[in-house]
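The next block holds one structure in the form of structure tokens; read it before the comments.
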Amino acid sequence: MTAYLKLDHIDKSFARGGQVSEVLKDIRLTIDKGEFVSIIGHSGCGKSTLLNLIAGLTKVSAGAVLLEDKEVDSPGPERAVVFQNHSLLPWLTVYENINLAVSKVFGSTKTRAERHDWIMRNLDLVQMAHARDKRPAEISGGMKQRVGIARALAMEPKILLLDEPFGALDALTRAHLQDAVMDIHSRLGSTTIMITHDVDEAVLLSDRIVMMTNGPAATVGEVLAVPLARPRRRVELSSDRTFLRCREAVLKFLYERHRFVEAAE
Amino acid sequence: MSIQAIEDTKVKAFPAPSEPSKVIAFAPKARRRFDPLAIVSKLASTLLPPAVVIVLLLVVWQVACSSPTASLPPPSQVWNEAYDLIAHPFFDNGPQDIGLAWRVLISLQRVAIGFGLAAIVGVALGALVGQSVWAMRGLDPVFQILRTVPPLAWLPLSLAAFRDSSPSAIFVIFITSIWPVIINTAVGVRNIPEDYRNVARILRLNQIEFFIKIMVPAAAPYIFTGLRIGIGLSWLAIVAAEMLTGGVGIGFFIWDAWNSSRLPDIIVALAYIGVTGFCLDRLVAAVGAFVTRGTTAK
């Protein structure tokens with residue numbers, strides 16, 4: 001069986017004024033359809049760069065990103081990104097923000113009424129239908145992120161890319177959104193890649209956790225499968241042996257073997 | 001094995017002591033739909049200070065210019081001699097004898113054409129300069145030099161090119177007001193957050209869609225700053241240009257009044273120009289505030 005998404009020996013280096021800094025080195029990873037994979041690592045290890053490479057927003061220096069055996073090197077709606085700071089357009093309402101995506105992606109395949117239904121369906125999915133006529137400035141940070149997720153889902157992507165989607169949220173809102181993402185993942189079975197630096201979040205949500213070594217020239221250190229049955233409930237898991245063991249494995253990787261060295265250049 | 005079974009009797013949450021909650025009754029809020037006193041006091045606080053200043057200025061002016069040797073007319077004389085112009089802005093007694101409001105409207109028409117063209121061309125050029133590094137490197141030095149040329153310095157050249165006074169005046173407006181529009185639009189486009197560009201790239205918006213749906217709204221606050229500076233400059237330029245080209249605009253009226261020594265008329269015309277310029281500025285600011293609502297909020 002060939003992999004759904006394959007990261008094939010990817011290198012990425014940035015050249016800045018004669019100096020070439022190597023960010024990612026020899027990244028190899030395959031992801032199956034419907035899988036939820038988290039990428040975790042210390043800040044500056046290049047995990048966001050890796051996500052941008054998969055999204056096509058930056059180009060690989062060597063190697064290739066293969067989606068269903070086809071190389072992707074430019075951004076497109078089949079790899080939708082949920083940005084850390086939501087990136088909603090502030091002059092559009094919630095509905096219009098999603099409509100911008102839907103009318104571009106489905107402008108020729110769906111009728112106006114179908115598009116409207118599709119927008120409302122996605123807003124319902126993140127429980128934001130009540131705020132359809134609000135502007136981003138009028139809703140809370142968690143709600144904006146929900147709309148960001150709805151916009152990405154509305155593109156009906158093959159792969160959903162989440163770039164530290166809950167990083168800017170408080171702990172309680174974050175927990176709510178994690179539950180929402182779990183719920184959506186179980187309903188739609190969307191292949192998802194999430195960047196995070198939160199160990200609990202990674203274990204709770206993922207089927208597999210990809211642990212990155214520290215930069216420069218970061219690579220995949222270990223990959224941990226999380227053998228927890230779904231649906232997962234955070235309160236029950238907080239004392240679950242498997243959960244704690246997975247958590248410990250990630251913590252050991254991050255804080256014992258690949259400790260973050262301040263100002264490591 | 002570092003994981004121990006969690007069985008800890010020391011950690012125990014106690015239920016919070018419950019106390020019957022009291023109901024505190026608040027007096028119902030007095031709702032006043034219409035409060036004449038409040039409205040009057042609000043109006044007074046906004047209108048009174050400028051009114052006092054104007055009255056003071058008029059008194060000082062009257063005292064300063066009431067000696068028989070004074071070279072400028074006092075306000076009382078302006079009121080008496082130019083009463084026709086003040087009281088009847090819309091009279092029309094033939095080709096060169098028309099009310100000041102008509103003259104202002106004619107000047108405004110020229111400004112509308114010249115400034116309208118400058119706004120369209122300026123936003124387009126600004127978007128180009130903001131978007132493309134090569135366009136910026138090529139065009140920016142030219143813009144920086146041309147924008148320092150005073151408006152009237154363009155007039156002889158445009159008279160030679162157009163061979164008519166009206167298009168020449170319009171060209172002077174255009175060339176005066178276009179620079180701030182170009183420069184501010186370019187800055188606004190350069191400051192579009194990378195995230196918006198990424199959203200556009202993921203959606204595969206084409207150039208035109210990106211321009212209409214992302215670039216113009218995102219840069220709108222900057223564009224309107226440029227437009228506001230531009231309309232101020234064009235109103236400055238039209239009066240000067242009309243003084244030289246003649247015709248029926250408000251600028252020529254001042255020149256004409258000077259040639260026939262009607263100083264009170266000039267003072268009335270100045271008031272018209274000032275009020276009109278103020279209204280133009282506020283108009284563009286209001287349109288900008290309406291169009292960019294929500295844009296600046298994060």
key: Failed item, numbered, when B:S107 is tested on (1) farther than 19 Å from B:T225 by Cβ; (2) out of contact with any helix residue (DSSP H, G or I) (no Cβ under 6 Å at 6 or more places or on another chain); (3) of a type outside the set (D, E, K, R)   = (2)
inquiry  = Any residue at all in the range A:178-191 that's assigned to a loop (DSSP other than H, G, I, E, B) and free of Cβ contacts under 8 Å to residues at least 60 places away in the same chain?
reply    = no
task = For the range A:23-43, state whether one or more residues are closer than 26 Å to A:M143 by Cβ, hydrophobic (A, V, I, L, M, F, W, C), within 14 Å of another protein chain (Cβ to nearest Cβ) and in contact with a Ser or Thr (Cβ under 9 Å, 6 or more places away or on another chain).
result = no
key: Identity of the residue in the range B:175-212, charged (D, E, K, R) and touching a residue at least 12 places away in the same chain (Cβ under 8 Å), that ends up surrounded by the fewest Cβ atoms within 10 Å (Cβ to Cβ)   = B:R190
note = Checked the range A:243-255 for anything within 14 Å of chain B (Cβ to nearest Cβ) and at pLDDT 90 or above; matches are A:F243, A:L244, A:R245, A:C246, A:R247, A:E248, A:A249, A:V250, A:L251, A:K252
ask   = Looking only at residues in the range A:214-242 that are open to solvent by 20 Å² or more (accessible area, probe 1.4 Å) and part of a helix (DSSP H, G or I), which one is nearest to the other protein chains (Cβ to nearest Cβ)?
value = A:R241
request  = Take B:A118 and decide whether it is more than 24 Å from the chain's Cα centre (by Cα) and either closer than 30 Å to B:P217 by Cα or open to solvent by less than 70 Å² (accessible area, probe 1.4 Å) (or both).
outcome  = no
Checking B:Q109 against (1) over 22 Å from the mean Cα position of the chain (by Cα); (2) surrounded by 11 or more Cβ atoms within 10 Å (Cβ to Cβ), the condition it does not meet = (1)
request  = Say whether the condition of being exposed (fewer than 11 other Cβ atoms within 10 Å of the Cβ) and over 30 Å from B:P264 (Cβ atoms) is met by at least one residue in the range B:44-66.
outcome  = yes
inquiry  = Please go through the range A:134-157 and give me each residue that is within 12 Å of another protein chain (Cβ to nearest Cβ) and either under 26 Å from B:R293 (Cα atoms) or outside any loop (DSSP other than H, G, I, E, B) (or both), ordered by number.
reply    = A:K134, A:R135, A:P136, A:A137, A:E138, A:I139, A:G141, A:K144, A:G148, A:R151, A:A152, A:A154
query = What is the one condition in (1) at the interface with another protein chain (Cβ under 7 Å from one of its Cβ atoms); (2) assigned to a helix (DSSP H, G or I) that B:R204 does not satisfy?
reply = (2)
ask   = From the residues in the range B:270-293 that are farther than 30 Å from A:A137 by Cβ and either in contact (Cβ under 8 Å) with a residue 24 or more places away in the chain or in contact with a strand residue (DSSP E or B) (Cβ under 7 Å, 6 or more places away or on another chain) (or both), which one is surrounded by the fewest Cβ atoms within 10 Å (Cβ to Cβ)?
value = B:G277
key: Sole residue being under 20 Å from the mean Cα position of the chain (by Cα), surrounded by 16 or more Cβ atoms within 10 Å (Cβ to Cβ) and acidic (D, E), chosen from A:D32, A:D8   = A:D8
Members of the range A:53-65 that are more than 17 Å from the chain's Cα centre (by Cα) and away from chain B (no Cβ under 14 Å) = A:V60, A:S61, A:A62, A:G63, A:A64
ask   = Since A:M211 meets every condition but one in (1) in contact (Cβ under 8 Å) with a residue 60 or more places away in the chain; (2) over 13 Å from the mean Cα position of the chain (by Cα); (3) not in a strand (DSSP E or B), which condition does it not meet?
value = (3)
note = Restricted to the range B:236-269 and to residues being in a helix (DSSP H, G or I) and of a type in the set (S, T, N, Q), the residue surrounded by the most Cβ atoms within 10 Å (Cβ to Cβ) is B:T245
ask   = When you look at A:T58, is it among the hydroxyl-bearing types (S, T, Y), over 25 Å from A:M182 (Cα atoms) and at pLDDT 90 or above, yes or no?
value = yes
query = Of everything in the range B:171-201 that's within 10 Å of chain A (Cβ to nearest Cβ) and part of a helix (DSSP H, G or I), which residue is farthest from A:A80 (Cα to Cα)?
reply = B:E194
message = Give me the residue from the range A:74-96 that is at pLDDT below 90 and more than 7 Å from chain B (Cβ to nearest Cβ) and, out of that set, nearest to B:Y196 (Cα to Cα).
response = A:H86
key: Unique residue being touching a Leu at 6+ places or on another chain (Cβ under 7 Å) and either within 11 Å of chain B (Cβ to nearest Cβ) or part of a helix (DSSP H, G or I) (or both) when the list is A:L161, A:L123   = A:L161
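The values are calculated or read from the model by the stated rules, or taken from the named source; none is laboratory data. Since the structure is predicted, the reported quantities are computational estimates derived from the model, not experimental observations. Virtual Cβ from ideal backbone geometry, glycine too; neighbours counted across all protein chains shown. Remember, those area values only see protein heavy atoms, side chains included, never the ligands or the DNA or RNA. Shrake-Rupley method; radii C 1.70, N 1.55, O 1.52, S 1.80 Å.
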